[in-house]
Ligand code: GDP
Ligand code: GDP
């Protein structure tokens with residue numbers, strides 16, 4: 001299921017990142033750290049009373065040095081308006097109302113989005129005298145918090161949950177949502193146009209979507225797909241500044257909503273740091289992922305070129321060796337059919353359910369072949385495992401002591417599960433529960 005997006009906007013130093021870290025610190029995480037990927041401060045998954053959302057700190061992106069605060073804030077607000085379901089507009093209770101606050105408020109007011117006005121740095125129960133000025137912003141009742149002292153954060157979370165779009169029951173379950181992600185100029189629009197040119201495009205808006213991005217449904221055979229526009233692919237961004245960085249945030253928004261992410265890479269350029277970052281996010285979010293190497297026509301080929309290229313990809317993206325790759329040329333219409341075939345394949349793998357009996361005999365074999373780790377005379381014991389979720393596949397292990405479950409042993413178990421059941425193109429998630 002796609003997660004709603006909550007974006008934090010505000011002047012530098014109002015306390016956005018402090019707030020962000022406090023909120024994210026509370027999350028109950030079942031996602032293990034991804035080696036080789038630096039966790040991005042600008043984005044994190046958050047959870048409150050069973051509701052999940054993605055939190056984005058738009059201030060975490062460093063603007064070009066020439067940017068003045070105001071233009072920086074305009075950009076932040078624009079990204080938030082483009083991508084978020086709920087916008088948290090943070091102001092500083094110590095500084096009082098400033099003119100750039102007013103400027104941003106008037107931008108935010110024009111969007112149809114839900115905005116929550118947060119006055120930070122109200123460190124005691126006494127409201128500052130000029131607190132009531134913030135009503136002038138026309139964004140409704142301001143909510144006073146102290147990020148540092150963690151005062152009223154619960155109220156903010158409560159409000160966020162209230163304003164999040166209602167989760168639709170079985171949100172078009174048969175439809176596979178595809179996001180095409182990649183650096184500018186890798187050929188995303190060309191691929192989208194080629195795919196849509198070949199398939200039957202259903203020209204109608206999807207009822208009930210609250211987002212303004214253009215999602216294009218299409219059908220192939222019996223299968224329904226939706227291509228998610230990563231905002232700014234077809235419509236050129238108004239944002240000047242460093243577009244590449246902002247495109248990461250737009251990509252995150254698309255990843256959150258998709259089932260399968262096509263990470264597009266320019267064959268001549270190879271995998272860039274930004275590609276790795278995006279791949280890491282798709283991995284953590286548990287999305288299907290396919291590496292699409294485009295412009296294959298530009299590469300001089302010998303017998304083993306593709307194989308060698310594949311090996312290089314595996315080296316660059318070690319944490320997601322499960323991701324299949326496809327080598328295409330949109331220009332020469334080479335292997336374009338394989339892209340959707342692969343999407344279908346991967347989305348089936350994400351939905352795979354392994355019967356408990358089969359799973360446990362596999363685990364029993366695996367622990368016999370390689371003894372579980374031990375520490376100070378105590379050995380890890382796995383009592384049983386069950387698959388508790390799909391999309392992505394989620395496995396729950398009942399064990400004696402979580403401390404004993406080493407990352408490397410979890411990785412070993414994952415490999416065994418993959419050897420037996422595949423799960424190509426999808427991350428698999430584990431939770432470990434102690435018997436008690
Ligand atoms: P950002 O630039 O908006 O991300 O702001 P930061 O989170 O980096 O915070 C800027 C400064 O404000 C830091 O020195 C924080 O310690 C301080 N700060 C953040 N939240 C609070 C708060 O609730 N009360 C007080 N007094 N200071 C705060
Ligand atoms: P986007 O910014 O990722 O949407 O990229 P575009 O689809 O706008 O493509 C950028 C440029 O790459 C255009 O000039 C395309 O004609 C070119 N391009 C796209 N696909 C291919 C390909 O397979 N081979 C070659 N040689 N060029 C391509």
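None of the figures in this text is laboratory data; all of them are computed from the coordinates on show. Please read all numbers here as calculations on a predicted model, not as lab measurements. Quick reminder, even Gly has a Cβ in these numbers, built from the backbone with ideal geometry, and neighbours come from all protein chains shown.
Note on residue 390 and residue 49: the model spin-label points, each 7 Å out from Cα along the C-beta direction, lie 3.1 nm apart.
Please figure out what share of the DSSP beta bridges in the range 288-436 is antiparallel and state it in percent, rounded to the nearest 5.
Working: 10 of 19 bridges.
Expressed as a percentage, antiparallel bridges in the range 288-436 total about 55.
Ranked by Cβ crowding within 10 angstrom, fewest neighbours first, how are 283, 52 ordered? Walk me through the intermediate numbers first.
On the way: 283 23, 52 15.
Least crowded to most crowded, the residues run 52, 283.
If a/c stays under 1.5 just call it rounded; otherwise compare a/b with b/c (prolate if a/b is bigger, oblate if not). Do that for the range 308-390, with a ≥ b ≥ c from the square roots of the Cα gyration tensor eigenvalues. Could the numbers behind the result be given before it?
Numbers: a/c = 4.21, a/b = 1.97, b/c = 2.14.
Oblate, since a/c reaches 1.5 and b/c is not below a/b.
Sorting 407, 20 from the fewest to the most surrounding beta carbons within 10 angstrom yields 407, 20. Exposure proxy shown here: for 83, 111, the number of other Cβ atoms within 10 Å sets the order, fewest to most, as 111, 83. Cα centroid separation, the range 78-96 to the range 262-340: 36 Å.
Just the number: Rg to Rh for the range 333-436, Cα atoms, Kirkwood Rh, two decimals. Reported Rg/Rh, Kirkwood definition of Rh: 1.08.
At an R0 of 45 angstrom, the distance between the Cβ atoms of residue 369 and residue 338 translates into a FRET efficiency of 0.80. Looking at the range 241-345 alone, DSSP beta bridges between its own residues are antiparallel in about 10 percent of cases.
Between residue 351 and residue 301, what length in nm is gained on full extension when 0.36 nm per residue of separation is reduced by their alpha carbon distance?
Values: separation 50, 0.36 × 50 = 18.00 nm, distance 3.64 nm.
Extra length available between residue 351 and residue 301 comes to 14.4 nm.
Overall shape: oblate for the range 238-358, with the ratio a/c of the largest to smallest alpha carbon gyration tensor axis at 1.5 or above and b/c at least equal to a/b.
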